[in-house]
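The values are calculated or read from the model by the stated rules, or taken from the named source; none is laboratory data. Computed from a prediction, not measured in an experiment: that's the story for all the values here. Virtual Cβ from ideal backbone geometry, glycine too; neighbours counted across all protein chains shown.
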Amino acid sequence: MRAIEKFPNLVTMFFTRAKEKGDKPFLWRKSDGEWRSLSWAEVARQVAALAAALKAKGLKPGDPVMLVSENRPEFCIADLAIMAAGCVTVPTYTTNTTRDHQHILTDSGARAVIVSTARLAQALMPAVIRSQADFVIGMEPLRGAQGSCACHLWADLIAAHAGDPAADVDIVAATQTATREDQACIIYTSGTGGAPRGVMQHHGAILLNCEGAGAVVTEDFGWGDEVFLSFLPLSHAYEHSGGQFLPMLLGGQIYYAEGLEKLASNIEEARPTIMVVVPRLFEVLRARIIKSIEKQGKFPTYLLNQALRIAAKEQAGKGSILDAPMKALLARTLIPKVRARFGGRMKALVSGGAPLNPDVGLFFQAMGLTLLQGYGQTEAGPVVSCNRPRAGIAMDTVGPPLDGVEVRIAEDGEILVRGELVMHGYWRNPAETEKVLKDGWLHTGDIGEIDDRGRIRITDRKKDLIVNDKGDNVSPQKVEGMLTLQPEIGQAMVHGDRRPYLVGLVVPDAEWTREWADKQGVAADAAGALPAYQAALRAAVDRVNDDLSVIERVRRFIVADEPFAIDNEELTPSMKIRRHVIRKRYADRLDALYKS
């Protein structure tokens, strides 16, 4: 069997594949209702030209370059060109506020910014103007972009530095000197302390991830012409490594989805062989498929129930030969129809970024779709482990570690990780680095165990970081701290792990409540029942939401029965809130905020 190759850096990996693939399609986007591709050779030409332009603008090796873009071919080209110029990519979320952009620009020291559209530039440019960045490149015209920072158009830079395409590509490819130890990118992720921290990912971290994941694909499913559908934000380490660089290593093609509302049709059109997705999407797809089947009548519903029954038995190791006739019937009726909705040639759906409900995984297995749950974090490239058929897929585990990854369980149950995939540290943040990197081991903050087949099982979370159902990290302390700065709010706790958005529990400030009640001419203990009182609290939450990104905003909230205190065990002696106690007490009411 062909072995997975090892490369000295990500750019060399790309140019090697581009030379092999030539005019074959690589990156696909939908334009005017049709899918159109850029070939490997054309992408290589643009990477070489943009890298030359960045150097000509004065960028030096090691300079950070901020990249703000939705998923599209230019993101991949810009990312590679930044690295090909010897610089460091700083990919950021398109949902970031001006405050978020300001923090990342200042913290990273970005010397330049590449942004895709005028719409995204609206929140970005006020931060750029107040930063040290020397210039901005717009993938599209940046209408109305003003200030002291020079703006350049993508197409103009490409055209100005496009000499002999073949010669330029060969020169850029031949002059790559980065090693696996050199920094490739800084990916900002929210920490428990509030402000996002920049994770320093080196070339080797991402390459080891791709090599390990590539071995899962090629050894368990065989080499083939892989097609990926890119949906998750490329600023997320999971998609950045698994949805962009893994396809490069495998010589695959990447289709860029048009968005959630068109995802189902994009899947049928692109007919991907691999999809990297977060659990929330699987939950949505599962609900849609079940609803569609049930609408078809009693017999299709009966087949669905039989498929789930058999899958559950087999997962528990209790499969029976007596189920063979029903399995044969399902293989001719229900399963082909469901697989067709996924393009008909899907090898594996890979779930990561947040915990997967085992029932969701079982459903896709029952429908003849292989679902592999993985585990990791940005600080580890980001993939640590992944289920694979040869190790036996167990939906309550996240599989064995990837090749080249060491995992052990500390005395307190914390999962520790060691290997080339581990970050070099947090950018300009030695204090936080020292907390998680000890004696070469990454302390993940997750609690788990390893079963007798070497598969990791996550049993609890040691850290307070909220991971929503799309895999986005949110620091609860940051949001809670901003809420309690409002005069109306004395204490707050936000909730939303594995949920689509944040909800909150607030304790109104006692002094503010008395003053408000006096002005209204009512007793303070009766204020809570008044709509105007609730509206005042809502206004306070909304003020905070105005300064938060989309994923951090508190959509709904309830008022606590009483203040958090040491006496009711909702505060520790050091005055930290005891989340598990509070969540248990208010569980039903918090859950109800997602139902109505």
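Looking at the stretch 478-502, which of its residues are out of contact with any helix residue (DSSP H, G or I) (no Cβ under 6 Å at 6 or more places or on another chain) and closer than 17 Å to Leu590 by Cα? Matches in the stretch 478-502: Glu480, Gln491, Gly496, Asp497, Arg498, Arg499, Pro500, Tyr501, Leu502. For the stretch 200-225, which positions are surrounded by fewer than 21 Cβ atoms within 10 Å (Cβ to Cβ) and acidic (Asp, Glu)? Correct list: Glu219, Asp220, Asp225.
State yes or no: is Arg390 in a helix (DSSP H, G or I) and modelled with pLDDT under 90?
Spelling it out, Arg390 is indeed in a helix (DSSP H, G or I) and modelled with pLDDT under 90.
Residues in the stretch 102-134 that are among the basic types (Lys, Arg) and either part of a loop (DSSP other than H, G, I, E, B) or buried (at least 17 other Cβ atoms within 10 Å of the Cβ) (or both): Arg111, Arg130. Among the candidates Gly319, Gly259, Gly251, Gly297, the residue that is among the small types (Gly, Ala, Ser), touching an Asp or Glu at 6+ places or on another chain (Cβ under 8 Å) and farther than 19 Å from Leu372 by Cβ is uniquely Gly251. Looking at the stretch 102-134, which of the residues that are among the charged types (D, E, K, R) and without any contact (Cβ under 8 Å) to a residue 60 or more places away in the chain is farthest from Ala150 (Cα to Cα)? Taking the candidates together, the pick is Arg119. Consider the stretch 266-283 and keep the residues that are in a helix (DSSP H, G or I) and over 22 Å from the mean Cα position of the chain (by Cα). The one that is farthest from Cys76 (Cα to Cα) is Glu268.
Looking only at the stretch 378-413, filter to residues that are of a type in the set (S, T, N, Q) and under 26 Å from Ser235 (Cα atoms); which one of those is surrounded by the fewest Cβ atoms within 10 Å (Cβ to Cβ)?
If we take residues in the stretch 378-413 being of a type in the set (S, T, N, Q) and under 26 Å from Ser235 (Cα atoms), then Thr378 is surrounded by the fewest Cβ atoms within 10 Å (Cβ to Cβ).
Restricting attention to the stretch 280-294 and to residues that are farther than 18 Å from Gly368 by Cβ and surrounded by 18 or more Cβ atoms within 10 Å (Cβ to Cβ), the residue that is modelled with the lowest pLDDT turns out to be Arg280. Scanning the stretch 77-101 for residues that are outside any helix (DSSP H, G or I) and either without any contact (Cβ under 8 Å) to a residue 40 or more places away in the chain or closer than 20 Å to Leu232 by Cβ (or both) yields Ala85, Cys87, Thr89, Val90, Pro91, Thr92, Tyr93, Thr94, Thr95, Asn96.
If you go through the stretch 483-512 and keep only what is assigned to a helix (DSSP H, G or I) and either surrounded by fewer than 20 Cβ atoms within 10 Å (Cβ to Cβ) or not assigned by TED's automatic domain parsing to the domain that holds Ala560 (or both), you end up with Ala510, Glu511, Trp512. For the stretch 1-60, taking the residues that are outside any loop (DSSP other than H, G, I, E, B) and among the β-branched types (Val, Ile, Thr), the one that is farthest from Leu157 (Cα to Cα) is identified as Thr16.
Considering the stretch 316-362, the residues that are of a type in the set (S, T, N, Q) and within 21 Å of the chain's Cα centre (by Cα) include one that is farthest from Phe231 (Cα to Cα), namely Asn357. For the stretch 457-482, a residue qualifies if it is of a type in the set (Val, Ile, Thr) and part of a strand (DSSP E or B), and the qualifying residues are Ile458, Thr459, Ile466, Val467, Val474. Could you please let me know if Gly504 is modelled with pLDDT under 95 and under 17 Å from His580 (Cα atoms)? No.
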